[in-house]
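Peer 1: The structure is given below, and queries will be raised subsequently.
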Amino acid sequence: ANTFDSLSVTGAVTTVSFENGSVQTVNFLSLPSGNCSAMVNINATGGTIATISMTSGTFNGNYLHIDNVVATGGATFNATNSIGTGNTSGWNITAPTTATYFWIGGTGNWTDSTHWSLTSGGAPALCRPAEINNVRFDANSFSGFGQTVTINANAYCNSMSWTGSSFF
């Protein structure tokens, strides 16, 4: 167990990991927020449970992917536009809006938000799919054979469809 007056993580952080089985007791907690194209992962190492304990106050996070991190101690832990997997008791998690994303623009990387649209052949959504979203590859996704989608980071979706795509 560790006790901190203030635990602040700043900068361009994509993952904050707590040691499995550990308890981090804090008076103040500040973790980075993500955005619709890149959630910040808050997790326990080794896939077991870690605990953050704060006796009072409110933690507000946005676009977090919380996995096996329990929040305790009497404080309020809010995670807006966020996803919880594993054991996330103690968190008030509000999921992002469910949407269907369509691949546009031919060859590209999964993480490139300019390749995802909310309509077939439409303008870029500037966000990428999360676990709650459906993804579609259709007639407007590719303009010819040999074009590829590269999974260049962890890729998530609820379901995937290739219906209507002529080039695969």
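Peer 1: Using the Kirkwood radius over C-alpha pairs as Rh, can you work out the diffusion coefficient of the chain via Stokes-Einstein at 25 °C, viscosity 0.890 mPa s, in µm² per second? Write down the numbers at each step before the final one.
Peer 2: On the way: Rh = 17.3 Å.
In µm²/s, the coefficient rounds to 142.
Peer 1: To the nearest 10 Å², what's ASP67's accessible area with a 1.4 Å probe?
Peer 2: ASP67 has an accessible surface of roughly 50 Å² with all protein chains in place.
Peer 1: By residue number, which cysteines of the chain lack any other Cys whose Cβ falls under 4.7 Å from their Cβ?
Peer 2: So far as the 4.7 Å Cβ criterion goes, CYS157 stand without a partner in the chain.
Peer 1: If one computes the Cα centroid of the stretch 93-110 and of the stretch 35-85, what distance in Å separates the two points?
Peer 2: Centre-to-centre distance over Cα atoms comes out at 23 Å.
Peer 1: Bin by bin, in steps of 10 Å, what percent of the Cα pairs in the stretch 61-108 do you find, going until the bin that has the longest distance?
Peer 2: 25, 40, 19, 12, 4
Peer 1: Ignoring any ligand, DNA or RNA, what whole percent of the accessible area of the chain comes from carbon and sulfur when the probe is 1.4 angstrom?
Peer 2: Details: 4060 of 8140 Å².
Of all accessible area on the chain, carbon and sulfur atoms account for 50 percent.
Peer 1: About the Cα centre, and with charges only on the beta carbon of Lys, Arg (+1) and Asp, Glu (-1), how big is the dipole of the chain? Nearest 20 debye, please. Don't jump to the answer; show the numbers that get you there.
Peer 2: Numbers: 2 positive and 6 negative charges, 44 e Å.
Using only the charged Cβ atoms, the result is roughly 220 debye.
Peer 1: Less than 13 Å from a label point 7 Å out along the Cα-to-Cβ axis of THR98: which backbone N atoms in the stretch 112-145 qualify, by residue?
Peer 2: From the stretch 112-145, the list is 131-135.
Peer 1: Considering only the other residues whose Cβ falls under 15 Å of the Cβ of SER117, what net charge follows from Lys and Arg at +1 and Asp and Glu at -1?
Peer 2: Values: positive: ARG128, ARG136; negative: ASP112, ASP138.
Combined, the nearby Lys, Arg, Asp and Glu give 0.
Peer 1: If I stretch the segment between THR10 and SER30 completely, what's the gain in nm (0.36 nm per residue apart, minus their alpha carbon distance), one decimal? Walk me through the numbers on the way to the answer.
Peer 2: Values: separation 20, 0.36 × 20 = 7.20 nm, distance 0.80 nm.
Computed gain between THR10 and SER30 is 6.4 nm.
Peer 1: I want the antiparallel fraction of DSSP beta bridges within the chain, as a percent rounded to 5.
Peer 2: On the way: 4 of 46 bridges.
Percent antiparallel among DSSP bridges in the chain is about 10.
Peer 1: 5 Å is the cut-off here: which amide hydrogens, built 1.01 Å from N in the peptide plane, fall below it relative to THR76, excluding neighbours closer than 5 in sequence?
Peer 2: GLY57, THR58, PHE59
Peer 1: Further question: Under the rule of at least 5 residues apart or a separate chain, name every residue whose amide H is placed under 5 Å from the amide H of ARG128.
Peer 2: Hits under the 5 Å cutoff: SER37.
The values are calculated or read from the model by the stated rules, or taken from the named source; none is laboratory data. Quantities reported herein were computed from a predicted structural model and do not represent experimental measurements. Glycine gets a Cβ as well: all are built from the backbone with ideal geometry, and neighbour counts include every protein chain shown. In case anyone asks, the SASA skips ligands and DNA or RNA and just uses the protein heavy atoms, side chains included. Shrake-Rupley method; radii C 1.70, N 1.55, O 1.52, S 1.80 Å.
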